[in-house]
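Shown next, in structure tokens, is the structure this report addresses.
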């Protein structure tokens, strides 16, 4: 029995809300990030290396964009939920699939089916990163363990001038 | 030394990128840096007791960056990582050492630039290949034009 109805198919290619980083990319935020990911390229922290590079300045690694939009100060703390639900896994889905409407199917498990990315430029210090997602495909599939729905979510990351930084497609499997 | 397209051939293996052993501290540092509070990455009792996992998990997001780092370390400064794709088929646990590897599958020339298609993956010290995928890089030809930046994207 197919789960992908006409109403679900109508979600494809409808852009979700645009999310923007709380502020320009700063050196301390970038320092924490590159240290945590153990990135060895000084183009991510050293002025001289950045200036001598094709970028002409310090830049973030390509996939930094995935983590650029954060919860604003003063907004409700999602960890408050642990008080009422101590067994909650704290997987903060927050805006869900890029703020897109949920795919309403009676399948409970949601799995990460993989990631594809294309890179166009790296965000320099001072860059204000935005992200906007849309479903690009929602299809029924039949798996060994029963019916599944595959959804591909494309997110375009841009800078403050609207120039593309990266395009990322995540495949979500519901079963 | 800057890599040029003529330096590579199908079958070439990329220099491996090794991270680990991945301690709880490494995983917590990464989770905090990206503000990912999913308890399977730092709460041992939750990961094993509640979720029934064999241990704390290395974040998939960390492994994504590791594969990007593998490709960039090989291609740059002259080349550009144009595309990458990966999927997670298995878990890597706290204490594991991750080795990112790659191999050149195909090479071609397009519009005065070299295009290199690689298979890539991550294996742990048990030989388990929990992450696999592919990547496409662009390199200048020797004495050719530089790879443009910003990169306009590969033609499909």
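The values are calculated or read from the model by the stated rules, or taken from the named source; none is laboratory data. Note that the structure is a prediction, hence the values are computed from the model and not measured. Every residue, glycine among them, receives a Cβ derived from its backbone with ideal geometry; neighbour counts consider all protein chains shown.
For this structure, a couple of remarks:
- Residue list for the range B:1-28, filter: buried (at least 17 other Cβ atoms within 10 Å of the Cβ) and either in a helix (DSSP H, G or I) or over 21 Å from the mean Cα position of the chain (by Cα) (or both): B:5, B:26, B:27
- In the range A:142-171, of all residues being free of Cβ contacts under 8 Å to residues at least 12 places away in the same chain and within 27 Å of residue A:4 (Cβ to Cβ), the one that is surrounded by the fewest Cβ atoms within 10 Å (Cβ to Cβ) corresponds to A:144.
- Residues in the range B:1-28 that are in contact with a helix residue (DSSP H, G or I) (Cβ under 7 Å, 6 or more places away or on another chain) and at pLDDT below 95: B:3 alone.
- Residues satisfying the stated conditions in the range A:38-64, i.e. closer than 29 Å to residue B:25 by Cβ, in a loop (DSSP other than H, G, I, E, B), within 9 Å of chain B (Cβ to nearest Cβ) and in contact (Cβ under 8 Å) with a residue 40 or more places away in the chain: A:61
- Residues satisfying the stated conditions in the range A:1-37, i.e. within 11 Å of chain B (Cβ to nearest Cβ), part of a helix (DSSP H, G or I) and either modelled with pLDDT under 95 or touching a helix residue (DSSP H, G or I) at 6+ places or on another chain (Cβ under 6 Å) (or both): A:32, A:33, A:34, A:36
- Those strands (runs of 3 or more DSSP E) lying entirely in the range B:42-124 with at least 3 residues surrounded by 20 or more Cβ atoms within 10 Å (Cβ to Cβ) and away from chain A (no Cβ under 13 Å): B:113-123
- Residue within the range B:127-136 that is within 18 Å of residue B:12 (Cβ to Cβ), free of Cβ contacts under 8 Å to residues at least 40 places away in the same chain and assigned to a strand (DSSP E or B) present: no
- Among residues of the range A:116-139 being over 16 Å from residue A:167 (Cα atoms) and touching a strand residue (DSSP E or B) at 6+ places or on another chain (Cβ under 6 Å), the one that is farthest from the other protein chains (Cβ to nearest Cβ) is A:138.
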